[in-house]
1. Can you find, within segment 125-139, the residue that is nearest to the chain's Cα centre (by Cα) among those that are open to solvent by less than 60 Å² (accessible area, probe 1.4 Å) and at pLDDT 95 or above?
2. Name every residue in segment 227-243 that is part of a loop (DSSP other than H, G, I, E, B) and either closer than 15 Å to Ser167 by Cβ or open to solvent by 10 Å² or more (accessible area, probe 1.4 Å) (or both), in order of residue number.
3. Does Ser118 satisfy the condition of being closer than 20 Å to Thr24 by Cβ and either buried (at least 24 other Cβ atoms within 10 Å of the Cβ) or of a type in the set (Gly, Ala, Ser) (or both)?
4. Looking at Thr254, Thr247, Thr227, which is the one that is in contact with a Leu (Cβ under 9 Å, 6 or more places away or on another chain), without any contact (Cβ under 8 Å) to a residue 40 or more places away in the chain and among the β-branched types (Val, Ile, Thr)?
5. State yes or no: is Gly161 open to solvent by less than 20 Å² (accessible area, probe 1.4 Å), more than 12 Å from the chain's Cα centre (by Cα), closer than 28 Å to Pro288 by Cβ and without any contact (Cβ under 8 Å) to a residue 40 or more places away in the chain?
6. Looking at this structure, is Ala192 under 15 Å from the mean Cα position of the chain (by Cα), open to solvent by less than 10 Å² (accessible area, probe 1.4 Å) and touching a residue at least 12 places away in the same chain (Cβ under 8 Å)?
7. Which one is nearest to the chain's Cα centre (by Cα) among residues in segment 269-296 that are assigned to a loop (DSSP other than H, G, I, E, B) and surrounded by 19 or more Cβ atoms within 10 Å (Cβ to Cβ)?
8. Across segment 307-319, what is the number of residues that are assigned to a loop (DSSP other than H, G, I, E, B) and open to solvent by less than 40 Å² (accessible area, probe 1.4 Å)?
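The values are calculated or read from the model by the stated rules, or taken from the named source; none is laboratory data. Because the structure is a prediction, the values reported are computed rather than measured. When we count neighbours, we look across all protein chains shown, and the Cβ atoms used for this are built from the backbone with ideal geometry, even at glycine. Surface areas here come from the heavy atoms of the whole protein model, side chains and all, with no ligands, DNA or RNA. Shrake-Rupley method; radii C 1.70, N 1.55, O 1.52, S 1.80 Å.
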Amino acid sequence: FENNQCASRDGEIGGGAIYAGGLTEAVLSGCEFANNSASNGGGILNRGSTLTILACRFSGNAALGKGDGQYGNGGGVYIDGMNYENPGGDLLVCGTVFENNTAMTHGSGMFSYFYQGSESVVRDCVFDGNKFDNAGLGSGALYHEAAPLTLSGTTFSHNTGGQHAGSIFLGQNSEAFISNCTFAANRVSGNAAGLFNGAAIAHLTNCTFSGNDADYGPAIFKGSAATVTLKNTLFAANTTANQYSATSCHEAMTDLGGNLQWPQTKASGSPDQPCVAGIEFADPLLQPLADNGGFSMTFALAPGSPAIDRAADCPATDQRGQPRGGPCDTGAYEAQP
């Protein structure tokens, strides 16, 4: 599906290539969506159909509607609920790439809003180079709201935004379980180039945040009504030009052990804010983001990295699908013997 243009910029008319409305189920497998545009859902607009997306690619699509928050959402995919006739359908997105898509307001790669009874699973995907074409606005290469989310084996890289949430915007009434994910070189002018969680619950296990840049909280921003737990998660070389901001997390999150952070000081020379109380500060010796096997790019650990064998109770495999040992490594990558 390529170069299709939905001329209307009305928020209720969308889906540059496909409009999936009111179906019991829609399954897309092995498809490519390139350079399509609409008001919402540059590639696909899904309204009330239980949706499965397998091994697809969304590249250069755009959601260009302008107005309030109902317009310009979902550069690649826009989702408004699952199965209206029998509420409770689940979204599955697996082995799919979202690259260089554009939105105006929310979800430059994918926008997903749910109704009671649904769940969302996103695994082994890539969100790379997605952006917003609206100065000062924009939240999330992946915008997710109002359902449980299981997110694993996925890399968010080089996504940019205006307001906040370069990678993930987690909306209210959501609980997210995020494991074996990499957040690399994402950038926003506001808060959280990695994860923005204003009023939801997020559990992060064996994730890596490196090279992300924001004015405030470059890796994670947590609102006062939100919960974030961190387990075996690695923060390294995140940056900010704001002398008052921490380099990774703007406040301490809930510690479940095995976390690692670097550097120990801000650019100003003052001590950095620990992402969890008592976190160990040490240079993890990350290698550049690269294809180290598996579906998505990762940061390998150099020999002698203090992240090696410092964690426990990790997932059975790392982001690449390689087995983890015991003790296991902090972050998304497991060094192999």
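1. Kept after step one, since they are open to solvent by less than 60 Å² (accessible area, probe 1.4 Å), are these residues of segment 125-139: 125-130, 132, 134, 136, 138-139.
Now drop any that are not at pLDDT 95 or above, which leaves 125-130.
Working: Cys125: 10, Val126: 9, Phe127: 7, Asp128: 10, Gly129: 12, Asn130: 11 Å.
So, considering only residues that are open to solvent by less than 60 Å² (accessible area, probe 1.4 Å) and at pLDDT 95 or above, the one nearest to the chain's Cα centre (by Cα) is Phe127.
2. Filtering segment 227-243 down to residues part of a loop (DSSP other than H, G, I, E, B) leaves 232-233, 237-238, 240-243.
Correct list: Thr233, Ala237, Asn238, Thr240, Ala241, Asn242, Gln243.
3. Values: closer than 20 Å to Thr24 by Cβ: yes; either buried (at least 24 other Cβ atoms within 10 Å of the Cβ) or of a type in the set (Gly, Ala, Ser) (or both): yes.
So Ser118 fits the description; yes.
4. Thr254
5. On the way: open to solvent by less than 20 Å² (accessible area, probe 1.4 Å): yes; more than 12 Å from the chain's Cα centre (by Cα): yes; closer than 28 Å to Pro288 by Cβ: yes; without any contact (Cβ under 8 Å) to a residue 40 or more places away in the chain: no.
When the stated conditions are applied, Gly161 does not pass them.
6. Considered against the rule, which asks whether it is under 15 Å from the mean Cα position of the chain (by Cα), open to solvent by less than 10 Å² (accessible area, probe 1.4 Å) and touching a residue at least 12 places away in the same chain (Cβ under 8 Å), Ala192 comes out as yes.
7. It comes out as Ser296.
8. Going through segment 307-319, the residues assigned to a loop (DSSP other than H, G, I, E, B) turn out to be 307-310, 312-316, 318-319.
From what is left, the residues that are open to solvent by less than 40 Å² (accessible area, probe 1.4 Å) are 307, 314-315, 318-319.
The qualifying residues number 5.
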